[in-house]
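J.: Quick one: structure below, then a few questions.
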Amino acid sequence: MPVLAPGTGKTKTGRLWTYVRDERLFAGGRPPAALFFYSPDRKGEHPRAHLKAFRGTIHADGYAGFNELFAGTRIVEAACWAHVRRKFFDVHAATASPIAKEALERIGELNNIEKEINGLPPDHRRRERQERSKPIAAALAAWADETRHKLSRKSMSAGIWSGG
């Protein structure tokens with residue numbers, strides 16, 4: 001966000017960190033809340049300071065500055081398929097890659113289950129994920145591992161699996 005830079009007559013870029021809790025769509029009992037912090041930059045030290053007393057699960061984007069939060073057992077990362085899906089979507093849109101298409105279809109199976117169980121109580125969603133999503137995710141991981149080894153390191157799809 002633009003922030004006034006005192007004495008320069010200009011602005012500089014600052015960072016507004018937003019932490020949100022909203023369990024209403026997932027049948028949670030706690031009220032929604034939002035917490036905002038400002039910092040002058042995007043260094044990972046800021047979320048570490050903001051969340052120093054936090055214990056629980058965080059659903060975050062793929063920003064590397066969060067990685068240290070997930071290094072121990074105090075904070076668990078709830079990873080998001082949307083970020084990896086977006087990368088495969090971009091590859092498929094640019095190249096019509098059959099590998100990217102298959103990845104999209106496999107991720108789509110997981111998304112379909114999530115649509116079906118959205119709004120159900122947490123224990124019910126957890127059971128459904130264990131029974132239905134876990135085998136699909138395991139098959140996706142095995143397929144990805146097998147497929148990745150067959151790709152050229154320079155291919156766009158290979159870059160997705162290597163964090164590129």
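The values are calculated or read from the model by the stated rules, or taken from the named source; none is laboratory data. Quick caveat: nothing in here was measured; it's all calculated off a predicted structure. Here the Cβ is made from the backbone with ideal geometry for all residues, glycine too, and neighbour counts use every protein chain on show. Side chains are part of the model used for accessible areas, which takes the heavy atoms of the whole protein and leaves out ligands, DNA and RNA. Shrake-Rupley method; radii C 1.70, N 1.55, O 1.52, S 1.80 Å.
J.: How much accessible area per residue does the stretch 41-143 have, in Å², with a 1.4 Å probe?
T.: 63 Å²
J.: Relative contact order of the stretch 16-62: what whole-number percent is it, with Cα pairs under 8 angstrom and at least 6 residues apart?
T.: Numbers: 36 pairs, mean separation 14.4, N = 47.
Once divided by the residue count of the stretch 16-62, the mean separation gives 31 percent.
J.: Moving on to the next point. How far apart, in nanometres, would the label points at Ala34 and Thr147 be if each is projected 7 angstrom from Cα along the Cα-to-Cβ direction?
T.: Calculated label separation equals 3.7 nm.
J.: To the nearest Å, what is the center-to-center distance of the stretch 8-33 and the stretch 46-116, using C-alpha atoms only?
T.: 18 Å
J.: Read phi for every residue in the stretch 5-10 and hand back ³J(HN,Hα) as whole Hz from Karplus 6.51 cos²θ - 1.76 cosθ + 1.60, θ = phi - 60°, with x for Gly and Pro.
T.: 9, x, x, 9, x, 10
J.: Taking the dipole about the Cα centre of the chain, with the C-beta of Lys and Arg at +1 and of Asp and Glu at -1, give me whichever of Leu4, Pro121, Ala94 is farthest to the positive side.
T.: In the chain, that residue is Leu4.
J.: Whose amide H sits under 5 Å from the amide H of Ala5, counting only residues 5 or more places off or on another chain, with H placed in the peptide plane?
T.: Here Lys10, Thr11, Lys12 satisfy the definition.
J.: Moving on. How big is D, in µm² s⁻¹, for the chain by Stokes-Einstein at 4 °C and 1.567 mPa s if Rh is the Kirkwood radius over C-alpha pairs? Walk me through the numbers before you get to the answer.
T.: Numbers: Rh = 18.8 Å.
Estimated via Stokes-Einstein, D reaches 69 µm²/s.
J.: Arg15's amide H: which non-local residues (gap 5+, or another chain) put their own amide H closer than 5 Å, with H modeled 1.01 Å from N in plane and none for Pro or chain starts?
T.: Those qualifying (amide H under 5 Å, at least 5 residues apart or on another chain) are Ser39, Asp41.
J.: For the chain, what is the relative contact order in percent, using Cα pairs closer than 8 Å and at least 6 residues apart in sequence?
T.: Here the relative contact order equals 15 percent.
J.: Related question: Could you give the size of the charge dipole of the chain about its Cα centre, using +1 on the Cβ of each K and R and -1 on the Cβ of each D and E, expressed in debye and rounded to the nearest 20?
T.: With only Lys, Arg, Asp and Glu charged at Cβ, the dipole is about 420 debye.
J.: Could you check how much of the accessible area of the chain is carbon and sulfur, as a whole percent, using a 1.4 Å probe?
T.: Working: 6280 of 11220 Å².
Carbon and sulfur: 56 percent of the exposed surface of the chain.
J.: So between Trp17 and Thr73, what do we pick up on full extension, going 0.36 nm a residue minus the alpha carbon distance?
T.: So the chain would gain 17.9 nm between Trp17 and Thr73.
J.: How high is the FRET efficiency from Ala93 to Met1, r the C-beta distance, R0 25 Å, rounded to 0.05?
T.: The formula returns an efficiency of 0.25 here.
J.: OK, next. Whole-Hz ³J(HN,Hα) for each residue in the stretch 20-26, computed from phi via Karplus 6.51 cos²θ - 1.76 cosθ + 1.60 with θ = phi - 60°, x for glycine and proline: what do you get?
T.: 10, 10, 8, 9, 4, 6, 10
J.: Roughly what angle does helix 98-117 make with the longest principal axis of the chain, taking Cα atoms, 0 to 90 degrees, to the nearest 10?
T.: For 98-117 against the chain, the angle is about 70 degrees.
J.: Mind listing the phi-derived Karplus ³J(HN,Hα) values for the stretch 79-96, rounded to whole Hz, using 6.51, -1.76 and 1.60 with θ = phi - 60°, and x for any glycine or proline?
T.: For the stretch 79-96, the Karplus curve yields 5, 10, 5, 4, 5, 6, 4, 4, 5, 5, 4, 4, 5, 5, 4, 7, 10, 6 Hz.
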